[in-house]
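One structure is given here, and the rest of the page talks about it.
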Amino acid sequence: MSVDPIAGARTLVTGASSGIGAALTVALAREGATVGICARRSDRLTEVYEQVRALAPASRTWVFDVGDLDEIPAFVARVEGELGGIDLLVNNAGIPKRRRIPELTEADLDEVMRINFFAPVALVRAVLPGMLERDRGRIVNLSSMGAHSMAARVGAYAASKGALELYTEALHLDLLGTGVDAQLFVPGTSRTEFSLPRDGNDPPFAPPSGMEPADVAAAIIAQVRSGAFEAFACDDYANIAAAKRADTNGFLAAMEANLRPRPAE
């Protein structure tokens, strides 16, 4: 019989204070995982932790900013010590960056790449030795439809997620023959704070809309259990990505018709 990768798993979820991360931690606890959660906002994290602990009393919480790259090895060592190891890492933490390429600064690029790419990579590097030693582990990296549809006004963000996607693919292949695997999950638009106004970003495209975080969390759990390398939050997003892959030029031409500035009358 195959071992359930969730029930009984010691799990670390980053960016767990709201949105998809918060919904996922509760869902994992409900499915029998012991969940370690981290985020920067202690008040919001405490609210989530109370829900998680009611379902999985051995769960733990830490206030931590994954952007502090130099502190990640010590943080992971602390998590492993308190949980007894990490069987499942979900790299959910991320930041948006809505800004046209001509207006992007070096600081913009550094920030988005640090949080969305270098932090997940550093976390993987920190958890991997323990997973390989135990010959058991799963790493799930969350990407974005920004890397699968059109990157207009989100070039830096889409680039950070594109880098994470190729890294995750390489990780998946490089781990073949071990008891450790890496998976890529692609959420689309969801009703979270990600779509709210944010300092250093252009205005949101629209108010929060799309899928509920709980539905996205359910899709992540289904992917972990399926073992599939890549999964999308719903069929509509998978179909959009497939359409772009099938005919990138035609896909972008259709998008350009809506994006191209209209001549002044």
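The values are calculated or read from the model by the stated rules, or taken from the named source; none is laboratory data. Just so it is clear, the structure is predicted and the values come from calculations on it, not from any experiment. So basically every Cβ, Gly included, is an ideal-geometry build from the backbone, and we count neighbours across all protein chains shown. Quick note on the areas: whole protein, heavy atoms, side chains included, nothing else; ligands and nucleic acids left out. Shrake-Rupley method; radii C 1.70, N 1.55, O 1.52, S 1.80 Å.
Worth pointing out:
- Only listed residue being assigned to a strand (DSSP E or B) and either in contact with a Leu (Cβ under 8 Å, 6 or more places away or on another chain) or at pLDDT 80 or above (or both), chosen from Ile220, Ile139: Ile139
- Close pairs from the range 159-176: first under 15 Å from Ala228 (Cβ atoms), partner crowded, with 17+ Cβ neighbours inside 10 Å and among the hydroxyl-bearing types (Ser, Thr, Tyr), Cβ under 7 Å, at least 6 apart: Glu165/Ser143
- Taken over the range 227-246, the residue count meeting the criterion of being open to solvent by 80 Å² or more (accessible area, probe 1.4 Å) and out of contact with any helix residue (DSSP H, G or I) (no Cβ under 9 Å at 6 or more places or on another chain) is 4.
- When we screen Arg138, Arg100, Arg153 for residues that are among the charged types (D, E, K, R) and under 18 Å from the mean Cα position of the chain (by Cα), the only hit is Arg138.
- Of the residues making up the range 1-26, those that are more than 12 Å from Ala93 (Cα to Cα), among the hydroxyl-bearing types (Ser, Thr, Tyr) and not in a loop (DSSP other than H, G, I, E, B) are Thr11, Thr25.
- Under the condition of being closer than 25 Å to Asp181 by Cα and of a type in the set (D, E, K, R), the residues counted in the range 71-104 number 5.
- Residue match in the range 128-135 (condition: open to solvent by 40 Å² or more (accessible area, probe 1.4 Å), farther than 18 Å from Met211 by Cβ and free of Cβ contacts under 8 Å to residues at least 12 places away in the same chain): yes
- Within the range 213-226, restricting attention to residues that are free of Cβ contacts under 8 Å to residues at least 60 places away in the same chain and among the small types (Gly, Ala, Ser), the residue that is nearest to His172 (Cα to Cα) is Ser226.
- Residues being open to solvent by 80 Å² or more (accessible area, probe 1.4 Å), at pLDDT 95 or above and assigned to a loop (DSSP other than H, G, I, E, B) are represented in the range 170-182 by at least one member.
- The set of residues in the range 111-126 being of a type in the set (Gly, Ala, Ser) and in contact with a helix residue (DSSP H, G or I) (Cβ under 6 Å, 6 or more places away or on another chain) consists of Ala122, Ala126.
- Extreme residue, modelled with the highest pLDDT, among residues of the range 183-209 that are in contact with a Pro (Cβ under 8 Å, 6 or more places away or on another chain) and open to solvent by 80 Å² or more (accessible area, probe 1.4 Å): Arg198
- Residue match in the range 109-123 (condition: more than 17 Å from the chain's Cα centre (by Cα) and either touching a residue at least 60 places away in the same chain (Cβ under 8 Å) or closer than 23 Å to Leu24 by Cβ (or both)): no
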